[in-house]
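Report on one structure; see the data block that follows.
The values are calculated or read from the model by the stated rules, or taken from the named source; none is laboratory data. All figures in this text were calculated on a predicted structure; none of them were measured in a lab. Quick reminder, even Gly has a Cβ in these numbers, built from the backbone with ideal geometry, and neighbours come from all protein chains shown. What goes into the accessible areas is simple: the full protein's heavy atoms, side chains included, and nothing from ligands, DNA or RNA. Shrake-Rupley method; radii C 1.70, N 1.55, O 1.52, S 1.80 Å.
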Amino acid sequence: MRLPVTLLTSMDPVLRDSATAAALWGGPGTVLLRYDLAPDRLHRLAAEFDRVLEDVDVPLEHACLGCALREDVLPTVAAIARAGRAERLVLALPVTAEPLAVLQALTLGTDGPDDLADLVAVAGVVSVVHGPGLLDDLLGDELITDGDGEETDRAVGEVLAHQLDEADLVLVDGELPARSSVLLDHVTAPGCVVADLLAVDAPDLLAPRRLATSVAAEPLRHSDLRAARPSGADDRLGVFTLDLRTPAAFHPGRLLEEIEAVGAGRLRARGFFWVPSRPDVVCAWDGAGGQLSIGTIGTWDARRGERPRTRLVVTGVDEGDAERVSAAFERILATPAESAAWTAPEDGLEPWLGDR
């Protein structure tokens with residue numbers, strides 16, 4: 001039987017530790033594995049509700065989540081599962097860590113022990129947020145600071161958005177304003193549960209939400225930009241979601257001209273597009289926290305009947321943004337004639353998409 005693993009993410013160490021304490025109060029059988037990254041090392045804490053099992057520092061050549069996963073996190077998770085003493089595992093990721101790489105490793109076996117996917121099963125993903133500041137945290141342009149107080153190039157909103165993408169349960173600290181509650185409904189996957197951090201108990205926090213649903217067969221709920229779609233939440237209190245869909249491509253030149261009109265502002269945007277200069281390539285669109293990421297995420301699979309197409313799902317809260325984004329989206333679409341006649345050797349998108 002595979003060991004159920006609950007992933008825990010947060011932007012704040014105090015909120016993360018409050019959630020882990022609630023999980024451990026579930027009693028015997030629950031093991032907490034908590035990680036923190038320092039510039040030159042990884043700190044690992046393993047504990048049960050009544051005792052600390054390990055409290056060690058692990059030297060790292062590179063203090064990044066990828067190295068931490070390969071060198072310690074995944075081997076330790078596998079060792080706990082093989083030991084057979086834990087009934088459930090809470091894996092608390094470093095503050096500001098995104099869960100996608102960990103989910104891929106646990107569900108697909110990437111970058112971990114060969115038998116990891118056979119040893120563990122993801123029971124759920126929990127994101128802990130600060131209610132009063134949620135809207136500004138998610139849609140504002142504040143940058144994350146490092147351990148020395150220096151700003152990094154990562155936006156708070158970008159990381160928080162990626163934590164919420166995969167959340168099955170969002171635990172809220174403090175009051176959640178009504179508008180922020182609507183925003184959460186728009187940016188999380190359908191079925192995501194929102195609860196009060198101070199009122200949640202261990203059974204709710206550790207509930208096997210993924211194991212009990214079809215999500216187990218589709219482990220990456222919301223992070224797959226090629227599967228971008230609205231949550232289904234109603235537009236209200238000024239919160240809106242646009243579902244911009246078309247078989248047309250983006251004209252590379254007009255995309256560069258209109259990039260701020262379609263992508264700037266307090267928006268959470270997800271999806272994919274194509275350009276006539278690279279008709280076989282699926283291009284990613286991922287925006288939050290005042291930042292927009294554009295890249296490549298594979299090719300269209302003609303064997304499965306895939307045809308090049310464009311779809312952006314854009315959520316915002318500011319008056320006039322829906323009209324601005326919709327109009328800019330229409331302006332950057334290439335006509336069929338423009339797409340068919342494209343022969344230029346360069347398209348201006350090389351810094352983001354690589355050479356053709």
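Structure notes:
- Helices (runs of 4 or more DSSP H) contained in segment 78-140 and holding at least 1 residues more than 16 Å from the chain's Cα centre (by Cα) and closer than 30 Å to Leu198 by Cβ: 134-139
- Condition met for Ala344 (exposed (fewer than 13 other Cβ atoms within 10 Å of the Cβ) and in contact with a Ser or Thr (Cβ under 8 Å, 6 or more places away or on another chain)): yes
- Within segment 173-197, the set of residues being part of a strand (DSSP E or B) and either out of contact with any Leu (no Cβ under 7 Å at 6 or more places or on another chain) or open to solvent by less than 10 Å² (accessible area, probe 1.4 Å) (or both) comprises just one member, Asp196.
- Flag not set for Ser231, criterion: outside any helix (DSSP H, G or I) and open to solvent by less than 20 Å² (accessible area, probe 1.4 Å).
- Close pairs from segment 263-291: first farther than 21 Å from Phe240 by Cα and open to solvent by less than 10 Å² (accessible area, probe 1.4 Å), partner modelled with pLDDT under 95 and assigned to a loop (DSSP other than H, G, I, E, B), Cβ under 6 Å, at least 6 apart: Ser277/Trp342; Ser277/Asp347
- Per-region count, segment 12-44, residues of a type in the set (A, V, I, L, M) and closer than 21 Å to Ala123 by Cα: 9
- Check on Val200, open to solvent by less than 40 Å² (accessible area, probe 1.4 Å), touching a residue at least 24 places away in the same chain (Cβ under 8 Å) and assigned to a helix (DSSP H, G or I): no
- Residue in segment 35-49 that is touching a Phe, Trp or Tyr at 6+ places or on another chain (Cβ under 7 Å), at pLDDT 85 or above, surrounded by 15 or more Cβ atoms within 10 Å (Cβ to Cβ) and more than 30 Å from Val156 (Cβ to Cβ) present: yes
- Scanning segment 294-326 for residues that are free of Cβ contacts under 8 Å to residues at least 24 places away in the same chain and either open to solvent by 40 Å² or more (accessible area, probe 1.4 Å) or touching a helix residue (DSSP H, G or I) at 6+ places or on another chain (Cβ under 6 Å) (or both) returns Thr299, Ala302, Arg303, Arg304, Gly305, Glu306, Glu323.
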